[in-house]
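Single-structure report; data block below.
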Amino acid sequence: MLTSDGFIRILNLLSVGVLVTGMLILWRRSLLSAVQIFGVQSLLLALMAVWIAFYTGAAHLYLIAFLVAAIKAVAIPVLLSRIIRRLDVYTEIEPYIGVATSLLVGAGLVVVAYFVMQPVADATNLPTHNALPLAFAMVLLGLFITVSRKKAVTQILGFLVLENGIFMLAVLATYGVPTIVEIGVFLDLFVGILIMEVLVYRINQTFESVDTHVLDELRG
Amino acid sequence: MDYVAKFLIAVVQLLIVLGASPVLVSLIRRLKARLQGRLGPPWFQPYYDLAKYFQKESVVSETASWIFNFTPYLQFVCMLLIALFVPFYTAMLPLDATGGIIVIMYFFLLSTFFLALSGLDTGSAFGGMGSSREMTIAALAEPTIILAVFSISLVANSTNISTIILRLGSDYGLLFNPTHLLAFAAFVIVTIAETGRLPVDNPTTHLELTMIHEAMILEYSGRHLALVEWSAWMKLFLFLSLLTNLFFPWGVATSLDLLSFVAGLVIFAVKLTLAAGAIAFMETILAKVRIFRVPELLAGSFAIALLAIISFYVL
Amino acid sequence: MFDATLVLIVLVAIHLAGAVAVYLTRQESLLTRQLNGIFGIAGGVMALILALIGLQRNLPGSGSTVLLSLEGVMPFAPLEFTLDRLSSFFLLLIAVVGIPVSLYSIDYMREYVSHPDQPGAHAYNLGLFGVAYQIFILSMILVVLASTTFTFLFLWELMALASYFLVVFEHRHRDTQEAGTLYLIMTHLGFVALFIGFMLLSGPALVGNTTLSFSELRISALALPSTQRDIVFLLMFIGFGSKAGMIPFHVWLPQAHPAAPSPVSALMSGVMIKLGIYGLLRITLDLLGGGPGWWGGLILVVGGASALYGILYALVDHNLKRLLAYSSVENAGIILLASGAALVFWSAGNTALATLALVGALYHILNHGVFKSLLFMGAGAVLQSTHTLDMESLGGLIKRMPWTALFFLVGSVSIAALPPFNGFVGEWIILQSLLLSLALPSQGAHIFLTLGLGALALTGGLVAAAFVKAFGISFLALPRSAQADQATEAPRLMRWAMGINAVLCLLLGLLATLLLPALQGISRAYLGPDQPTVGLAISGLEVRTGTDFGSLSPLLLGILLALLALIALWGLRLAGINELTRRSMTWACGRFTLSPRMEYTATAFANPLKRIFAFLYQPVRALTIETPGASPHFAQDISYRNPVRLWFEEYLYGPVARGIVWLARRASLVQHGSLHLYLTYILSILVILLVLTRG
Amino acid sequence: MWDMIRKIRQVGILTEPLPPFPAEYTQQDPQVELVGGELQQRTRILLGRSLHIRQVDAGSDNAAELEIIALGNPYYDMERFGLHIVASPRHADCLMVTGPVTRNMALPLLRTYEATPDPKIVVAVGDAARDGGIFRGSYAIIGGVDQVVPVDLYIPGDPPTPLELLTGMLIALDRYRGKSSRRE
């Protein structure tokens, strides 16, 4: 059987990997590669779920891991890539906040997350508790991506990163919420993305742009 | 370690950096040529170049001052000095207690400082432009270097190179810790920026307006040029040695016997070949980025280095 | 051995006699300057002796014997002076900077004598300058020895006034007057904060008692409630911080330093702003005896921010002295950062690391004193020779002023913290102390220290860029103006003064191990013995930190550098390289001539970083092209301005100043000059007061 | 990225070995053949196997430049002979001058020559550089390159083919070795 030390070590590596992919999404201007990075991130999350399931013997986590891999690592990236190709919008040309600055803000958010979550992490005595601040940092990063980018696709991506963060938090803190809830969330998410796809398409048709700031004007 | 062994190791370190750095450059050039479908220059081309430069006269601008003549020698000596502190095949560095990794980084900065001054010295617009850009990149790369070095020394709990290598080498668990890997990623980026490789700077460019490092040395000729070029190669060699040995200290000799030295040398050669292959490959598939996109790259490496430190405290 | 009291009396006598003697000579130029310089040097030597006595005697950190107590000199309270470890260190700083600067001033001040061949030029009164100069140095020396509240505040104010008169010495320039006024306002704002701080420090029973000595304050401070201690700390932090040039109180520095005569800038930047740090250390380490962790954290964060802000503005400023002034803001920031780290470590109970950080801070104080005064003297030499400080009209000075250029280069390399000079050793120790912070258990401290490290790391490279610009643009390549072209080397005494400091830069770098034990002693006197482990160990030529964490041997590095240089030169000669050198035109793609207008300018040099940090600078770009003819292609005059935004001036002080003016305007409404109206005011106030006080 | 890797694998090495020199070329200039015969032996000699070239356009119609650019491509790959084009005359051993020297370019050409450290050679590329070529007699030109700077080698042709250029440069390499033998 694995030692607890080895388990934590691999788990930590995976969580940092997830965080780094979050930063990479901030880094890249190319929408397609951002979507691919998101796929990698989800794959890492799935691996993390498998790893925890393997260690704790929580069988339902295998199912959830499979779902994550199938929906978030494959289906959603495919969908989003389709939107990008169809709309012919490939790069985030000028985000609200410059790439260099937003990377620094991103690193700052990680510090904030660490600061905020440290008491929580200290309060639990799960072997996974150290990675909790990283999961929370993912939530903040996701929010930050959503507010700092102009293109609708990136904003969806930000929302998805946020969702990944919440999922990671759940997996780390409670070894996964009940399966049925999780499945429900995934279904919602999937449908949500489908709706967003349609919406983005419509926005593009109406305004000939997917920059969301064109929606600022309330009168139609 | 007795003094004879110390002295011998120091001499061998110097010989390695002087002798092997042109080979490393040649290796990268040949690999790149292969990837571009060419045969490429002969193996010993850098040596031919050096020998030829040393045989030529040196033309110095009328405007230039002693700084211009002094810089190549200073650079050369700085690189030699750094070579005494960088692990190649053995961790038993004779002068390790004289200064650690911070000293190395500041001697690199010293040579950059003077090179930038010599770029300004001739009054040529190209030189000034090169200096300005070089200092911009150095100023932005410096924080990442410091933070990456900080991460390594956190993991190994030392800033002295020998100690770092010994501690990391004795516990492979330390190598696969997030801090170490993130610091590695950050260090890779600053290595590229500091040694003037693609996508930050193009070492083979002929257009002055796209130059960074090359623009500063446009005025050098003869023996000065030989020294500047050789120093640049040594800098690349030293950075790659640091990169490979600090982060993957496998096979670095930790005892004073011939067998481990030989094994260390062989493994070191393999590591450098891999690093050279990676550089050649990257330079083939990447294009140079605009100079004002370089800060994004470096900000990224800074963020990664910061993450490395945070993850050390968190995890 | 000398008796410390006697030395102090002689010192005071020298400076006072100097002031009188210089004043009596009035305008008599050469003698005035010589007397001023000689008395300054003599006083400096006395200060040096006093400092050495203090450092040698193994004085306790605090509560040492009273050196001198003067009753009846002042009407209110006696003046009292004591010598302890911290004072000794700062005396050393004053002496080390003061002696060369006084030497320098002898030749420099001839600028201000009216020239027979320049009848139009106004002469300035050198006698008055000498008086202010002697008093300034004397007040700085005495302020670090002062040991009662009254003595301290009195001398602090005297120092401020003396330096004000020195700043406005060139009173015929309007800029100078404005800079002086700003300095006066800022320094008095700081003084008010200090005054209230000292009042509160005396404790509830003795509020307002200014005759309290520091040893009494130490006792009363222990009894203070913690909120009052916090308030005292904050007030002192603002008061001393404004003198040290930390943001947002730094605004006077970049104005006052360029306006003052160069020896004065050198003294102000090299010494006076350090006295702000002295005050802060005196309060936090000694009088208050340490505080909660956030005190150190606050100092650290503000210090880090000052360091970054200072260097970023130094980078884009093209006035040589203002660049140096901004760089002083940066260095004060680094010193504050290290001091803050020391306090954080101390409050966490790790005196080993606190000692390490404090030694770093103290060493950097001394180093900065040496190289910054050197740089200001160099800038002064440039100013005297070319009559301009605008880097865009300098250049090519290395050929015309080779010694000044060499010394300025040494200063630049030192300030950029490059080995083998002194700046490097200080920075190395500070970095080591921050790197070792992982030994702390507290998580909050980690965040502070990581931020500090990030700030320090960001500063390091930018300093190098700023000083490549400062030296490269001002001294190298072709002169950009006729004045620069006709520059001549600085006079002998100025060269000597700069040479002394340049040598000191090298010696303090190579022989750091000789001085560091003394600094360690000072730190331990306040912080207590090292625990849990050793922070800093000095053995022979080697400095070691932590347990096997880092080691440095500056002298050995220097020797290695020299040795390798010899070997390399010998080897190259042996290999038979071609040593022919031919001089030719600078390669400019075959252009016919190389004109200075083709050179890279200071603006251009800093432009990439200006664009990268545009979110901070918010540069305003203004390009005007004058084309007199019909064709737009033949421009006669192109002017390009790209000024940066000064945040604190624009968004903090601007609105405050406007608000005050606005209030004053409002107030003027009631001022009509009519006697009846004024009587009406009095009447109505009387009525209101009567009504209010009825019950 | 993957596309590029696939392409790299498919293409392989394109550089062709130097063919025997064209018959008409050797007939015109018997010297070339002599040099061609020595080529194999020379590759074993260390010194002088490095020639850095600075190309100077002294008023060319860019025909020669196009051919010179071709020298760097994978087919000719001049780097394998130690030939390298550099960005500054300070780094150069050889000035490759093209075009008839126009009046405006005469002084820059001279400056470039002065800026090049000794020992150095000048190669005039193309007919125009020899004597003005088709531009001969124009008021705007001075004439051949030798009117301004001493020329060590002409490479004829209007423009010369890359192969001719390469051959010529190898001759240049030979001349250069002759000059650089300072201590031999």
The lone exception for C:Phe407 - which of (1) open to solvent by 10 Å² or more (accessible area, probe 1.4 Å); (2) within 11 Å of chain B (Cβ to nearest Cβ) it fails: (2)
Within segment A:24-58, take every residue that is open to solvent by 10 Å² or more (accessible area, probe 1.4 Å) and closer than 21 Å to A:Ala100 by Cβ and give me the one that is nearest to the other protein chains (Cβ to nearest Cβ). A:Trp27
Looking only at segment C:390-400, decide whether some residue is open to solvent by 10 Å² or more (accessible area, probe 1.4 Å), in a helix (DSSP H, G or I), within 12 Å of chain B (Cβ to nearest Cβ) and without any contact (Cβ under 8 Å) to a residue 12 or more places away in the chain. yes
Qualifying residue in segment A:140-150 (condition: β-branched (Val, Ile, Thr) and either modelled with pLDDT under 80 or closer than 26 Å to A:Leu61 by Cα (or both)): no
Please go through segment D:69-85 and pick out each residue that is facing another protein chain (nearest Cβ under 7 Å), in a helix (DSSP H, G or I) and either under 16 Å from D:Asp57 (Cα atoms) or at pLDDT 85 or above (or both). none
For segment B:80-98, does any single residue satisfy the condition of being more than 7 Å from chain C (Cβ to nearest Cβ), part of a helix (DSSP H, G or I) and at pLDDT 90 or above? yes
Subset of segment B:280-315, residues more than 14 Å from chain A (Cβ to nearest Cβ) and open to solvent by less than 20 Å² (accessible area, probe 1.4 Å), comes to B:Ala280, B:Glu283
Filter segment B:193-228 down to residues that are part of a loop (DSSP other than H, G, I, E, B) and among the β-branched types (Val, Ile, Thr) and give me whichever is surrounded by the fewest Cβ atoms within 10 Å (Cβ to Cβ). B:Thr204
Considering only segment B:120-141, state which residues are among the charged types (D, E, K, R) and facing chain C (nearest Cβ under 7 Å). B:Asp121, B:Arg133
Looking across segment A:107-121 at residues that are farther than 14 Å from B:Ser311 by Cβ and either among the aromatic types (Phe, Trp, Tyr) or at the interface with another protein chain (Cβ under 9 Å from one of its Cβ atoms) (or both), the single one that is least open to solvent (accessible area, probe 1.4 Å) is A:Gly108
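For every residue, the table says whether it meets (1) touching a Gly at 6+ places or on another chain (Cβ under 8 Å); (2) in contact (Cβ under 8 Å) with a residue 60 or more places away in the chain.
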| position | (1), (2) |
| --- | --- |
| A:Tyr55 | no, no |
| A:Ile64 | yes, yes |
| A:Ala70 | no, no |
| A:Ile84 | no, yes |
| A:Tyr90 | no, yes |
| A:Gly106 | yes, yes |
| A:Leu109 | no, no |
| A:Val116 | no, no |
| A:Asp122 | no, no |
Pairing a residue in segment C:608-633 that is more than 20 Å from B:Arg293 (Cβ to Cβ) with any residue that is assigned to a loop (DSSP other than H, G, I, E, B), where Cβ atoms lie under 6 Å and the two sit 6 or more apart in sequence or on different chains, gives C:Gln618/C:Arg645; C:Val620/C:Pro643; C:Arg621/C:Asn642; C:Ile625/C:Ala635; C:Glu626/C:Gln636; C:Thr627/C:Ala635; C:Pro628/C:Gln636
Here are some conditions: (1) farther than 30 Å from D:Pro74 by Cβ; (2) more than 8 Å from chain C (Cβ to nearest Cβ); (3) open to solvent by 30 Å² or more (accessible area, probe 1.4 Å). D:Pro100 meets all but one. Which one does it not meet? (3)
Segment A:137-147: number of residues that are surrounded by fewer than 24 Cβ atoms within 10 Å (Cβ to Cβ) and closer than 25 Å to B:Ile309 by Cα: 5
Taking the criterion of being at the interface with another protein chain (Cβ under 8 Å from one of its Cβ atoms), of a type outside the set (Gly, Ala, Ser) and within 25 Å of C:Gly304 (Cα to Cα), would at least one residue in segment B:171-180 satisfy it? no
Identify, by number, the condition in (1) at the interface with chain B (Cβ under 8 Å from one of its Cβ atoms); (2) touching a strand residue (DSSP E or B) at 6+ places or on another chain (Cβ under 7 Å) that C:Pro517 doesn't meet. (1)
So which residues in segment B:26-77 are in a loop (DSSP other than H, G, I, E, B), within 10 Å of chain C (Cβ to nearest Cβ) and of a type outside the set (Ser, Thr, Tyr)? B:Lys56, B:Glu57, B:Glu62, B:Ala64
Just to be sure I understand, how many residues within segment A:90-138 are of a type outside the set (A, V, I, L, M), outside any helix (DSSP H, G or I) and either more than 21 Å from A:Arg149 (Cα to Cα) or over 21 Å from the mean Cα position of the chain (by Cα) (or both)? 5
Can you give me the ranges of the helices (runs of 4 or more DSSP H) entirely in segment C:551-648 with at least 2 residues that are within 7 Å of another protein chain (Cβ to nearest Cβ)? C:554-574, C:602-612
Top-ranked residue of segment A:59-89 - restricted to ones that are farther than 18 Å from A:Glu163 by Cβ and surrounded by 19 or more Cβ atoms within 10 Å (Cβ to Cβ), ranked as farthest from the chain's Cα centre (by Cα): A:Leu87
Candidate set: segment C:172-184, residues that are in contact (Cβ under 8 Å) with a residue 24 or more places away in the chain and surrounded by fewer than 15 Cβ atoms within 10 Å (Cβ to Cβ); chosen: the one farthest from C:Tyr653 (Cα to Cα): C:Arg172
Of (1) open to solvent by 10 Å² or more (accessible area, probe 1.4 Å); (2) part of a helix (DSSP H, G or I), C:Ser433 satisfies all except one. Which? (1)
Determine if segment C:259-268 includes at least one residue that is open to solvent by less than 10 Å² (accessible area, probe 1.4 Å) and not in a helix (DSSP H, G or I). yes
Determine which single condition C:Ala512 fails, assuming it passes every other condition in (1) under 30 Å from D:Ala92 (Cα atoms); (2) touching a Pro at 6+ places or on another chain (Cβ under 7 Å). (1)
Check B:Thr144 against each of (1) closer than 17 Å to B:Ser241 by Cβ; (2) in a helix (DSSP H, G or I) and name the one condition it does not meet. (1)
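Each row is one residue, and each column tells you yes or no for (1) under 30 Å from the mean Cα position of the chain (by Cα); (2) open to solvent by less than 50 Å² (accessible area, probe 1.4 Å); (3) in the same structural domain as C:Glu427 (by TED's automatic domain parsing).
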site: C:Arg544; (1), (2), (3): yes, no, yes
site: C:Leu557; (1), (2), (3): yes, yes, yes
site: C:Ala575; (1), (2), (3): no, no, no
site: C:Thr586; (1), (2), (3): no, yes, no
site: C:Arg597; (1), (2), (3): no, no, no
site: C:Leu616; (1), (2), (3): yes, yes, no
Enumeration of residues in segment B:140-192 that are open to solvent by 10 Å² or more (accessible area, probe 1.4 Å), modelled with pLDDT under 85 and under 15 Å from B:Trp250 (Cα atoms): B:Gly169, B:Ser170, B:Asp171, B:Tyr172, B:Gly173, B:Leu174, B:Phe176
Out of curiosity, is C:Ile447 closer than 27 Å to B:Ser301 by Cβ and either part of a strand (DSSP E or B) or open to solvent by less than 10 Å² (accessible area, probe 1.4 Å) (or both)? no
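The values are calculated or read from the model by the stated rules, or taken from the named source; none is laboratory data. Model, not experiment: these values are computed from the prediction. Every residue, glycine as well, gets a Cβ built from its backbone with ideal geometry; the counts of neighbours run over all protein chains shown. Heads up: the accessible areas ignore ligands, DNA and RNA and are worked out on the full protein's heavy atoms, side chains in. Shrake-Rupley method; radii C 1.70, N 1.55, O 1.52, S 1.80 Å.
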